[in-house]
Amino acid sequence: MYVIAVLNQKGGAGKTTIATHLARTLQLGGADVLLVDSDPQGSARDWAAVRDDQPLPVVGIDRPTIERDLKSVARKDYVVIDGAPQAHDLAVSAMKAADFVLVPVQPSPYDIWATSDLVDLVKQRIEITDGRLKAAFVISRAIKGTRIGAEVTDILLGYELPVLESRITQRVIYPGSAASGMTALDQDPNGEAAEEMRALTAEVRALIETPVPAI
Ligand SMILES: Nc1ncnc2c1ncn2[C@@H]1O[C@H](COP(=O)(O)OP(=O)(O)OP(=O)(O)O)[C@@H](O)[C@H]1O
Ligand SMILES: [Mg+2]
(Lines give C-alpha, C1' and ligand atoms only; values in the text may rest on other atoms or scores of the structure.)
(Ligands and ions follow the chains in the order given, each with its own letter.)
Protein backbone atom coordinates (compact mmCIF):
# COMPACT_ATOMS: atom_id res chain seq x y z
CA MET A 1 0.00 0.00 0.00
CA TYR A 2 1.30 3.41 -0.96
CA VAL A 3 0.19 6.55 0.87
CA ILE A 4 0.35 9.85 -1.02
CA ALA A 5 -0.23 13.04 0.99
CA VAL A 6 -1.16 16.18 -0.92
CA LEU A 7 0.01 18.95 1.36
CA ASN A 8 0.44 22.69 1.40
CA GLN A 9 -0.45 24.85 4.35
CA LYS A 10 -1.34 27.66 1.98
CA GLY A 11 -5.08 27.73 1.31
CA GLY A 12 -6.38 27.38 -2.23
CA ALA A 13 -3.21 25.83 -3.66
CA GLY A 14 -5.23 23.11 -5.38
CA LYS A 15 -4.80 20.30 -2.82
CA THR A 16 -8.38 19.04 -2.96
CA THR A 17 -8.59 19.36 -6.74
CA ILE A 18 -5.39 17.38 -7.16
CA ALA A 19 -6.12 14.83 -4.42
CA THR A 20 -9.57 13.98 -5.82
CA HIS A 21 -8.24 13.74 -9.37
CA LEU A 22 -5.17 11.73 -8.40
CA ALA A 23 -7.30 9.29 -6.44
CA ARG A 24 -9.86 8.93 -9.21
CA THR A 25 -7.17 8.54 -11.88
CA LEU A 26 -5.50 5.77 -9.90
CA GLN A 27 -8.88 4.12 -9.43
CA LEU A 28 -9.76 4.35 -13.13
CA GLY A 29 -6.38 2.73 -13.80
CA GLY A 30 -7.60 -0.31 -11.88
CA ALA A 31 -6.20 0.35 -8.39
CA ASP A 32 -8.07 -0.04 -5.12
CA VAL A 33 -7.99 3.52 -3.71
CA LEU A 34 -9.14 5.35 -0.59
CA LEU A 35 -9.25 9.13 -0.34
CA VAL A 36 -8.67 10.45 3.18
CA ASP A 37 -10.01 13.91 3.90
CA SER A 38 -7.75 15.31 6.62
CA ASP A 39 -9.21 18.81 6.34
CA PRO A 40 -11.71 19.79 9.07
CA GLN A 41 -13.44 21.90 6.38
CA GLY A 42 -14.46 18.54 4.89
CA SER A 43 -14.13 19.63 1.26
CA ALA A 44 -13.38 16.16 -0.12
CA ARG A 45 -16.26 14.68 1.91
CA ASP A 46 -18.60 17.39 0.62
CA TRP A 47 -17.38 16.72 -2.91
CA ALA A 48 -17.94 12.96 -2.60
CA ALA A 49 -21.38 13.37 -1.06
CA VAL A 50 -22.80 15.35 -3.99
CA ARG A 51 -22.73 12.30 -6.26
CA ASP A 52 -25.19 9.55 -5.34
CA ASP A 53 -23.22 6.85 -7.14
CA GLN A 54 -19.83 8.14 -5.96
CA PRO A 55 -17.33 5.49 -7.00
CA LEU A 56 -14.47 6.78 -4.85
CA PRO A 57 -14.51 5.86 -1.14
CA VAL A 58 -13.73 8.90 1.01
CA VAL A 59 -13.22 8.93 4.78
CA GLY A 60 -12.50 11.82 7.11
CA ILE A 61 -9.53 11.65 9.48
CA ASP A 62 -9.07 15.20 10.64
CA ARG A 63 -7.21 14.55 13.86
CA PRO A 64 -3.44 14.28 14.07
CA THR A 65 -3.65 10.50 14.35
CA ILE A 66 -3.67 9.74 10.64
CA GLU A 67 -0.69 7.42 10.78
CA ARG A 68 -2.26 5.30 13.52
CA ASP A 69 -5.81 5.44 12.14
CA LEU A 70 -4.70 4.28 8.70
CA LYS A 71 -3.43 1.06 10.24
CA SER A 72 -7.00 0.12 11.06
CA VAL A 73 -8.46 0.71 7.59
CA ALA A 74 -8.58 -2.15 5.11
CA ARG A 75 -5.46 -2.33 2.97
CA LYS A 76 -5.68 -0.55 -0.33
CA ASP A 77 -3.31 -0.19 -3.26
CA TYR A 78 -3.22 3.57 -2.70
CA VAL A 79 -4.37 5.96 -0.02
CA VAL A 80 -4.46 9.61 -1.07
CA ILE A 81 -4.61 12.16 1.75
CA ASP A 82 -6.12 15.57 1.04
CA GLY A 83 -4.22 17.94 3.33
CA ALA A 84 -5.63 20.70 5.48
CA PRO A 85 -4.53 24.33 5.25
CA GLN A 86 -2.79 25.91 8.24
CA ALA A 87 -2.78 22.88 10.50
CA HIS A 88 0.75 22.02 11.46
CA ASP A 89 -0.12 18.94 13.53
CA LEU A 90 -2.32 17.48 10.78
CA ALA A 91 0.40 18.04 8.20
CA VAL A 92 2.98 16.30 10.39
CA SER A 93 0.60 13.42 11.00
CA ALA A 94 -0.15 13.05 7.27
CA MET A 95 3.55 13.18 6.51
CA LYS A 96 4.29 10.41 8.99
CA ALA A 97 1.70 8.23 7.29
CA ALA A 98 2.98 9.02 3.81
CA ASP A 99 5.34 7.37 1.35
CA PHE A 100 5.10 10.39 -0.92
CA VAL A 101 4.31 14.05 -0.26
CA LEU A 102 3.02 16.01 -3.23
CA VAL A 103 3.09 19.79 -2.75
CA PRO A 104 0.90 21.70 -5.21
CA VAL A 105 2.05 25.28 -5.52
CA GLN A 106 0.77 28.17 -7.59
CA PRO A 107 3.44 29.72 -9.80
CA SER A 108 3.84 32.89 -7.78
CA PRO A 109 6.70 33.89 -5.48
CA TYR A 110 4.35 34.57 -2.55
CA ASP A 111 2.88 31.10 -2.79
CA ILE A 112 6.27 29.47 -3.13
CA TRP A 113 7.74 31.39 -0.19
CA ALA A 114 4.76 30.36 1.90
CA THR A 115 5.73 26.70 1.49
CA SER A 116 9.11 27.10 3.19
CA ASP A 117 7.96 25.80 6.61
CA LEU A 118 6.37 22.78 4.98
CA VAL A 119 9.49 22.11 2.92
CA ASP A 120 11.58 22.18 6.10
CA LEU A 121 9.27 19.64 7.73
CA VAL A 122 9.32 17.42 4.64
CA LYS A 123 13.10 17.50 4.46
CA GLN A 124 13.43 16.63 8.16
CA ARG A 125 11.11 13.72 7.62
CA ILE A 126 13.05 12.54 4.55
CA GLU A 127 16.18 12.54 6.68
CA ILE A 128 14.56 10.72 9.61
CA THR A 129 13.26 8.01 7.26
CA ASP A 130 16.59 7.62 5.43
CA GLY A 131 14.97 8.72 2.20
CA ARG A 132 12.02 6.33 2.34
CA LEU A 133 9.73 9.37 2.25
CA LYS A 134 9.79 11.00 -1.17
CA ALA A 135 8.40 14.38 -2.11
CA ALA A 136 7.90 16.67 -5.07
CA PHE A 137 6.33 19.97 -6.00
CA VAL A 138 3.74 20.23 -8.73
CA ILE A 139 2.85 23.54 -10.31
CA SER A 140 -0.86 24.04 -9.84
CA ARG A 141 -3.31 26.42 -11.48
CA ALA A 142 -0.85 27.52 -14.17
CA ILE A 143 -2.33 29.85 -16.76
CA LYS A 144 -2.61 28.09 -20.10
CA GLY A 145 -0.20 29.24 -22.75
CA THR A 146 2.04 31.16 -20.35
CA ARG A 147 5.51 30.15 -19.36
CA ILE A 148 6.50 30.00 -15.73
CA GLY A 149 9.02 32.81 -15.23
CA ALA A 150 12.67 31.86 -14.75
CA GLU A 151 12.69 33.75 -11.43
CA VAL A 152 9.79 31.69 -10.14
CA THR A 153 11.43 28.45 -11.27
CA ASP A 154 14.67 29.50 -9.55
CA ILE A 155 12.93 30.10 -6.22
CA LEU A 156 11.27 26.71 -6.46
CA LEU A 157 14.49 24.91 -7.40
CA GLY A 158 16.16 26.64 -4.43
CA TYR A 159 14.11 24.41 -2.13
CA GLU A 160 15.94 21.37 -3.49
CA LEU A 161 12.90 19.18 -3.86
CA PRO A 162 12.03 17.70 -7.28
CA VAL A 163 9.50 19.59 -9.38
CA LEU A 164 7.25 17.37 -11.50
CA GLU A 165 7.36 17.93 -15.23
CA SER A 166 3.58 17.74 -15.38
CA ARG A 167 1.67 20.86 -14.51
CA ILE A 168 -1.93 21.43 -13.62
CA THR A 169 -3.56 24.25 -15.55
CA GLN A 170 -6.28 26.66 -14.45
CA ARG A 171 -9.38 25.23 -16.14
CA VAL A 172 -13.11 25.68 -15.57
CA ILE A 173 -13.67 21.94 -15.78
CA TYR A 174 -12.03 21.48 -12.36
CA PRO A 175 -14.57 23.44 -10.29
CA GLY A 176 -17.27 22.54 -12.83
CA SER A 177 -16.87 18.78 -12.44
CA ALA A 178 -16.38 19.10 -8.66
CA ALA A 179 -19.78 20.72 -8.33
CA SER A 180 -21.39 17.41 -9.26
CA GLY A 181 -19.00 15.23 -7.24
CA MET A 182 -17.07 14.24 -10.32
CA THR A 183 -13.66 14.81 -11.83
CA ALA A 184 -12.52 15.96 -15.25
CA LEU A 185 -11.86 12.28 -16.01
CA ASP A 186 -15.53 11.47 -15.52
CA GLN A 187 -16.81 14.50 -17.37
CA ASP A 188 -14.45 14.63 -20.32
CA PRO A 189 -12.15 11.60 -20.31
CA ASN A 190 -10.42 12.61 -23.53
CA GLY A 191 -9.99 16.29 -22.66
CA GLU A 192 -6.82 18.17 -21.80
CA ALA A 193 -7.57 18.24 -18.06
CA ALA A 194 -7.94 14.47 -17.92
CA GLU A 195 -4.74 14.17 -19.91
CA GLU A 196 -2.71 16.40 -17.57
CA MET A 197 -4.05 14.57 -14.52
CA ARG A 198 -3.10 11.20 -16.05
CA ALA A 199 0.40 12.56 -16.74
CA LEU A 200 0.70 13.80 -13.15
CA THR A 201 -0.46 10.44 -11.81
CA ALA A 202 1.96 8.51 -14.01
CA GLU A 203 4.84 10.69 -12.86
CA VAL A 204 3.97 10.28 -9.18
CA ARG A 205 3.60 6.50 -9.61
CA ALA A 206 6.98 6.25 -11.30
CA LEU A 207 8.66 8.20 -8.48
CA ILE A 208 6.97 6.16 -5.76
CA GLU A 209 7.88 2.88 -7.36
CA THR A 210 11.55 3.80 -7.83
CA PRO A 211 13.44 1.85 -5.19
CA VAL A 212 15.24 3.83 -2.50
CA PRO A 213 18.98 3.23 -2.90
CA ALA A 214 20.46 1.25 -0.02
CA ILE A 215 22.84 3.28 2.13
N1 LIG B 1 -6.49 23.88 -11.77
C2 LIG B 1 -7.55 24.58 -11.39
N3 LIG B 1 -8.33 25.24 -12.29
C4 LIG B 1 -9.40 25.95 -11.91
N5 LIG B 1 -9.79 26.10 -10.64
C6 LIG B 1 -9.07 25.47 -9.69
C7 LIG B 1 -7.91 24.69 -10.00
N8 LIG B 1 -7.40 24.19 -8.85
C9 LIG B 1 -8.20 24.64 -7.88
N10 LIG B 1 -9.20 25.41 -8.37
C11 LIG B 1 -10.26 26.09 -7.63
O12 LIG B 1 -9.66 26.93 -6.66
C13 LIG B 1 -10.27 26.77 -5.39
C14 LIG B 1 -9.26 26.20 -4.40
O15 LIG B 1 -8.85 24.93 -4.89
P16 LIG B 1 -8.77 23.66 -3.93
O17 LIG B 1 -9.97 23.60 -3.07
O18 LIG B 1 -8.44 22.49 -4.77
O19 LIG B 1 -7.50 24.11 -3.08
P20 LIG B 1 -7.07 23.62 -1.63
O21 LIG B 1 -5.59 23.75 -1.58
O22 LIG B 1 -7.65 22.28 -1.36
O23 LIG B 1 -7.77 24.70 -0.71
P24 LIG B 1 -7.89 24.62 0.91
O25 LIG B 1 -6.57 25.02 1.41
O26 LIG B 1 -8.98 25.60 1.22
O27 LIG B 1 -8.24 23.21 1.25
C28 LIG B 1 -11.47 25.87 -5.62
O29 LIG B 1 -12.58 26.67 -5.87
C30 LIG B 1 -11.08 25.08 -6.86
O31 LIG B 1 -12.20 24.66 -7.59
MG1 LIG C 1 -8.79 21.60 0.23
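The values are calculated or read from the model by the stated rules, or taken from the named source; none is laboratory data. Just so it is clear, the structure is predicted and the values come from calculations on it, not from any experiment. With ideal geometry, Cβ positions are generated from the backbone for all residues, glycine too; neighbour counts draw on all protein chains shown. Accessible surface is based on the protein model in full, side chains and every heavy atom, while ligands, DNA and RNA are left aside. Shrake-Rupley method; radii C 1.70, N 1.55, O 1.52, S 1.80 Å.
Restricting to the range 97-134, give me the number of residues that are without any contact (Cβ under 8 Å) to a residue 12 or more places away in the chain, open to solvent by less than 30 Å² (accessible area, probe 1.4 Å) and within 16 Å of ligand 1 (Cβ to nearest atom).
0
Right, residue 85: within 16 Å of ligand 2 (Cβ to nearest atom), under 17 Å from the mean Cα position of the chain (by Cα) and closer than 27 Å to residue 195 by Cβ or not?
In short, no.
I need every pair where a residue in the range 184-207 that is under 24 Å from residue 51 (Cα atoms) has its Cβ under 7 Å from the Cβ of a residue that is open to solvent by 20 Å² or more (accessible area, probe 1.4 Å) and assigned to a helix (DSSP H, G or I), sequence separation at least 6 or different chains.
Close Cβ pairs (under 7 Å, with a partner that is open to solvent by 20 Å² or more (accessible area, probe 1.4 Å) and assigned to a helix (DSSP H, G or I)) amount to 184/173; 185/24; 185/28; 187/173; 188/173; 191/173; 193/173.
Residues being touching a strand residue (DSSP E or B) at 6+ places or on another chain (Cβ under 9 Å), within 13 Å of ligand 2 (Cβ to nearest atom) and under 21 Å from residue 89 (Cα atoms): count how many of those fall in the range 2-57.
Count: 21.
Taking residue 69 as meeting all but one of (1) within 13 Å of ligand 1 (Cβ to nearest atom); (2) not in a loop (DSSP other than H, G, I, E, B), write down the number of the exception.
Evaluating residue 69 over (1) within 13 Å of ligand 1 (Cβ to nearest atom); (2) not in a loop (DSSP other than H, G, I, E, B) leaves (1) as the failure.
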